[in-house]
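Chemist: First, the structure itself, so that you have it in front of you.
The values are calculated or read from the model by the stated rules, or taken from the named source; none is laboratory data. Everything numeric here is computed off the predicted structure, so don't read it as measured data. Here the Cβ positions follow ideal geometry from the backbone for every residue, glycine too, while neighbour counts run over all protein chains shown. We work out accessible area using only protein heavy atoms, side chains counted, and drop any ligands, DNA or RNA first. Shrake-Rupley method; radii C 1.70, N 1.55, O 1.52, S 1.80 Å.
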Amino acid sequence: MITSFFVGINEANRSWKMILLLLAANVLSSLPVIAPIFLLVFRASRRTIAADSLMADKLDAAWLIDVANHQFPGAAIETGALQVGGLFVVMGVCYLLLNTLLTGGVIGVFNSADGRFTMRKFWGEAGAYFWRFFRLTLISLIFYGAAVGIYALLRWPIENAAERASAFESVIYKRWAAMALLALLFAFINMVFDYAKVGAVARSDRGASKGMFRETFRAFRFAFRNFFNAFGLYLIIALVGLALFLVFNALRWSVDQSSAGRVSLAILLGQIAIAGRMWTRLVFYAAEMHLYKKLAPGAAPAPLIVEPQPE
């Protein structure tokens, strides 16, 4: 587990080109939404006192309501909420498809003989595994739904007891425990489907079946057989990635955005925080690939990458 963790860090550190590609894809995918919002805010706040508050990351509620009334005159709150909700659903689906495509490229590169990133290799692997990973994503929804169902079953008696409780301290602790269990279930399911994707790529060169239900059950079997190694590795990487993101995010929010230069600095720190998330994502896949090839029955061993020596 520890060896796989450091292998993942090493692979992510030398894959900075892939991190930049993922960051660029993230920025480009957000532009169709961010650009119109930015232009709307700029036009509505220019030469107003709201501009100073927005510059300092302080949202003026009265200004926001005025902008909404101006953009959607006479529209009901329910109608506006439905339109915004529909927009977020479309954004979520597009992001999910893009994420599925990019994941195939990342895992495919790490599975290659030399582990080196090239645009041709990345996009070739991304296209080759897109539909398999998309089917895995659809299958994962079943298990995420089951986790939510377990959480709902746990909350039902807690809420019934809360109506009759004279002290709410124990109820709060039970609610926190239920939420913690839901988070752990989500993390475990996410880890399992990471290994399903890793297994689908690692076994493809040996004529493995393209049945994603079979790959899902194989990933669950691997996760349960190697629970402490697999889940321990997942949690360690998640905690390191979370700490890294929180540090850069805290630096970003600590900037006093009272001038154009400081606003630019805050934007730069925000992008560095997002790049840290991309780095963590690569650590996940590289470490899980190494652990899978080391522990999975019949899996090919992880390739030994030899750095070229200068002549």
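Chemist: Identify, from the list 175, 120, 164, the residue that is over 30 Å from residue 294 (Cβ atoms) and exposed (fewer than 12 other Cβ atoms within 10 Å of the Cβ).
Modeler: Every option except 164 fails the conditions.
Chemist: Please name all residue pairs, on different chains or six or more residues apart, with Cβ atoms under 8 Å, provided the first residue is in the range 256-273 and is open to solvent by 60 Å² or more (accessible area, probe 1.4 Å) and the second residue is not in a helix (DSSP H, G or I).
Modeler: Pairs found: 256/56; 258/56; 262/255; 262/256; 265/255.
Chemist: Another question, then. For the range 86-102: of the residues being free of Cβ contacts under 8 Å to residues at least 12 places away in the same chain and over 18 Å from residue 278 (Cβ atoms), which is most open to solvent (accessible area, probe 1.4 Å)?
Modeler: 88
Chemist: Continuing with the same structure: Taking the options 126, 146, name whichever one is within 23 Å of the chain's Cα centre (by Cα), under 22 Å from residue 201 (Cβ atoms), part of a helix (DSSP H, G or I) and not β-branched (Val, Ile, Thr).
Modeler: Of the residues listed, the single one that is within 23 Å of the chain's Cα centre (by Cα), under 22 Å from residue 201 (Cβ atoms), part of a helix (DSSP H, G or I) and not β-branched (Val, Ile, Thr) is 126.
Chemist: Okay, moving on. I need a count of the residues in the range 241-255 that are open to solvent by 50 Å² or more (accessible area, probe 1.4 Å) and more than 30 Å from residue 6 (Cα to Cα).
Modeler: 2
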